[in-house]
Amino acid sequence: MIKFLDNKLFRYLSVFLFLNSSILPVKSSSALAAWAINTNGVLELRTKSNTNLKAYFQKANQISGDRFWVDFPGELKNPRIIKGNGPIKEIRLGKPDKGKTRLVIEFKEETYLKPLTWQMVGLDQNRWRIKLFNPKYSFKKIGEGLVEKKRGNIKAKQNLIYKKKNNYGYLKLPEVKRNKFEVVIDPGHGGPDPGAIGIGGIRETDVVLEVSKIVKNLLSEKGVKVRLTRTNDVDLDLPPRVSIANNTDADIFVSIHANASRGKRRDINGLETFYYRGWRGRLLAKRIQKQILRVSPGSPDRGVKQGRFYVIKNTRMPAVLVEIGFLTGRLDARRLEKITHRKRLAYAIAKGILEYLDKVG
Ligand SMILES: [Zn+2]
């Protein structure tokens, strides 16, 4: 299986294997607590204290590009694939065997690597670093959890992306009974009220209108009747939005918004979904929240919450208000600018809605 094992790397690691000789029981949870690949090409790891690490490198073959991987004791809960950028094709977290965790970094074909110079360095009992490539490749940092933090529980799940088994499954929207359901989608704000204004002047009204229109198209293709409360940049007060919904037999009402933090803090990012009452509203919120998180890797899960927003309080049907990210947040804003991300979010919202309709009927 291992065609090419770098001797120097292995020798170096052997030192640590010797120093950290305690062995975790097979059943324990993954010793990998956090990881990050920085813009300078350095992979940083945080593990449980006294962990045995084993690292390997394999040259590209017909199936995959150059790969570097590290095995950790303890079983990974959620196998997942994280899309790379720059020289990195993707990062996979998997369990090669029961009770094991494997972090695989796969490089793109044209990447020039010098694995013979690589050295894994232990910074302290639970932190490690290894330089994988040069900053000449432009690369946006990827990671899960806080590498710096020494104790405490990291929410690696926050950053979890596409689960392996859903790698293609996520591209499929569930089927529901055609011509049975009606949904009201409410793009927030409009007209003289642009909503939140984010980094670079990005406006909530524009983002949510575009996302809402795509949601409409996706649901229509599935035979769901969709009504938008507004289809262009017009001024629309809150009461008419509610009466549009209440004057139909709509099954659900979904208001789409994007957030802004007080003081426009760039470090605040994340997604949240509100409902006002009822288990149906809550279920719908949960389904949507789950799906939008999956297409927003790294953006925190701010949760499903009860909120007293006018439009979800006064509509008669199960109603939610979804906040698809912070236009003032560095991470979210960068994404919300892009049509590809808006499409993904629309897709995720449509998926959550269809799942709900399929379940509750
Ligand atoms: Zn808003």
Helix axis angle, 204-221 relative to the chain longest principal axis, alpha carbon, degrees: 90
Residues whose placed amide H lies under 5 Å from that of residue 325, excluding near-sequence neighbours: 259, 272
Taking the C-alpha atoms of the chain, convex hull volume expressed per residue in Å³: 155
Distance between the range 67-89 and the range 265-317 - C-alpha centres, whole angstrom: 29
P(r) weight above 26 Å for the range 238-357, C-alpha pairs, percent: 18
Accessible surface, the chain, averaged per residue in Å² (probe 1.4 Å): 49
Extreme residue, positive dipole direction of the chain, given options 283, 62, 234 (C-beta unit charges): 62
Exposure of residue 193 as accessible area (Å², to 10), given a probe of 1.4 Å and all protein chains: 70
Residue 177 accessible area, assembled protein chains, probe 1.4 Å, Å²: 140
Volume of the Cα convex hull of the range 168-310, divided per residue and given in Å³: 130
Rounded to the nearest 20 debye, dipole of the range 214-332 from Cβ charges on Lys, Arg, Asp, Glu: 380
Positive-end extreme of charge dipole, the chain - chosen from 198, 331, 118 (charges on Cβ): 118
Percent accessible area from carbon and sulfur atoms, the chain, protein chains only, probe 1.4 Å: 50
Cα convex hull of the range 205-278 - mean projected area over all directions, nm²: 6.7
Stretch in the chain that is longest and holds no GluC sites (Glu not before Pro) that DSSP places in a loop and that have at most 16 other beta carbons within 10 Å: 176-336
At q = 0.19 Å⁻¹, base-10 log of I(q)/I(0) for the range 39-79 (Debye sum, equal scatterers on each alpha carbon): -0.81
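The values are calculated or read from the model by the stated rules, or taken from the named source; none is laboratory data. Quick caveat, the model's predicted, so the values are computed rather than measured. With ideal geometry, Cβ positions are generated from the backbone for all residues, glycine too; neighbour counts draw on all protein chains shown. Just so you know, the surface numbers come from the protein's heavy atoms only, side chains and all, with ligands and any DNA or RNA stripped out. Shrake-Rupley method; radii C 1.70, N 1.55, O 1.52, S 1.80 Å.
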